[in-house]
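Nothing in this text is a laboratory measurement; each read-out follows from the coordinates by a stated rule. This structure is a prediction, so every number in the text was calculated from the model and none was measured. We place every Cβ from the backbone using ideal geometry, glycine too, and count neighbours over all the protein chains shown.
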Amino acid sequence: MNLKNIWKLSFVIIIVYLSSCKPETIGFLNDNMRYNVSELQAVQGSSVTTNPLVANGSSTPMSVKLVAVRNKVTGEIVNDFLTEQEYSVYLGQVGSDINTMDQLSALIGTKKSPAISVNGIGGKVVLTPATESVPAGLYTLDIDISNISGQKSYKDVLNINLIELKPDSIFSKSATSSGLSSETDVRNLASTDYSTTIQYIPGNENKIIFMWLDKNGKAFNPKQGEVIKRASLPSFADWSPFYPEQLTDTSIVYQYPYFKGLSYPVKTTVRVGESNFTNLTSNYRINGAFTSLGRNINTSLMARFYKPGIHIVKFKVKNLNHRYPFFKTTTITKNVILPFGAGYASTKVDVNKTDILNALKISEQVFLDGLLKEVSFYATQADGTRNATNTANAPGMWLDELGNTVNWGGRAKLYSEYNKNDWAFYVGQFPDKNVVGEKMTIKQSFVYDDGQYFNEILYVLNVIIQ
């Protein structure tokens, strides 16, 4: 081999050797970086955090920088996410012993931050309550990632679906009926028997108003005791004790303190009697004396309130009417003369049927068919109570000298029987018990329950023996 060829071969060997000594590439950064979710669901005003980026084979640690938040549809940069906003945070637990605004204020602080941040190591995305100030919509993130191998930019790496914050939410509701004087005769109301809704009115006045309605939308009157709290269960007054409870003709009103970023009620525990409650339920009773069902309606509601303004909670019972346990009484007085020594003979006392029908607010047919059924017949006793026991020919009673209902014989002095065919009372005596000049009063009435009132026509018969 000649010298020229030797030099050529040596040169090739040197080149190959030098090539084999070239340093290896350091680290790796994948072109396809992602989070463990492609779209983050978050409600305005809530705190949400993702896991760090999925390394996807990339060398760690990775430094991550948020470049932009863009509207997913238009592509426009949305700076609202990066503007610092103030919101409320808890400084301590609001327990059962916190009942004044001074106590509460010491446990609620404020914080200021942007709606979004991205952790510089690993890329964890953090949404804060400041998102309440960002319009709801679909957004996407652009980020830069760098590691030992270099830096790359990534667009649309994570979508954020920011869901509009509702003013309030109902989490649970229930209703039962119970006897007027019994806590053991309890029956569940079907979900179709009632409805619960919340009407929201935005504004600067912060109130939560509870209303209870009958099937016609007529409100029960808490101010008159038609709606009451339960003795051993919490009401909203226990969860919201910071301002005085207000009873009105149609509702119970609670002013409340609004804290941006916190749901209300803020109390975690209340104490009623010897029991602690943590379930946020508010319990009330519609007094059965004011319902056409004649039973108490017991309502329970768990709700949270998120936005400032007025929230009107309406609990509507679909199968009963509001009614008043009051008698609307029309009184008619008649003088009756009974002849002395007439034995059992009766004296007819005519009545005007129009008076009866107008007072009871029913038709003639309903009165005639319903007497002693839908139309009750009473004798008013000396103490003012009503007695429906018929001790003479029904509808009718034997009565003593004070007008009390008695049985025939013994104390019986008078009888008064009504004849629906004649539209008349027939009044007579027990033989040989009365004397000339003796005066007694009989009070008998017809009563019809129209679902709201007991409509009554009362006849006062002033009897004199002559």
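Counting other Cβ atoms within 10 Å as a rough exposure proxy, the listed residues V427, V126 run V126, V427 from fewest neighbours to most.
For the chain, averaging the sequence separation of C-alpha pairs within contact (under 8 Å, six or more residues apart) and dividing by the residue count gives a relative contact order of 13 percent.
Fewest-first ordering of V460, V436, V253 by other beta carbons within 10 Å of each residue's beta carbon gives V436, V460, V253. Converting the Cα gyration tensor eigenvalues of segment 347-466 into ellipsoid dimensions via √(5λ) gives semi-axes, longest first, of 26, 14, 12 Å.
Each residue of segment 431-437 was assigned a 3J(HN,Hα) from its phi angle through the Karplus expression (A = 6.51, B = -1.76, C = 1.60, θ = phi - 60°), giving x, 6, 10, 9, 10, 4, x Hz with x at Gly and Pro. Over what distance in Å are the Cα centres of segment 39-112 and segment 201-225 separated? So the separation of the two Cα centres works out to 36 Å.
Taking each DSSP H run with n ≥ 4 as -39500 (n - 2.57) and averaging over every residue of the chain yields -2500 deg cm²/dmol at 222 nm. Under the convention that each Lys and Arg Cβ holds +1 and each Asp and Glu Cβ holds -1, the size of the dipole of the chain around its Cα centre is about 1180 debye.
For segment 385-443, the spherically averaged projection of the C-alpha convex hull amounts to 4.3 nm².
In a fully extended conformation the segment linking A68 and E164 would gain 32.4 nm over its present Cα-Cα distance, using 0.36 nm per residue. The structure-derived value of Cα Rg over 2.2 N^0.38 Å appears in the list (i) 1.82; (ii) 1.05; (iii) 1.46 under the label (i). Anisotropy class assigned to segment 122-182 is prolate, per the alpha carbon gyration tensor with a/c at or over the 1.5 cut-off and a/b larger than b/c. Give me the Kirkwood hydrodynamic radius of segment 168-317 in Å, from all C-alpha pairs, to one decimal place? Its Kirkwood hydrodynamic radius stands at 15.8 Å.
Of the residues R271, R285, the one with the fewest other Cβ atoms within 10 Å heads the list, and the complete ranking is R271, R285. Once C-alpha pairs closer than 8 Å and six or more residues apart are averaged by separation and normalised to the residue number of segment 39-163, the relative contact order reads 40 percent.
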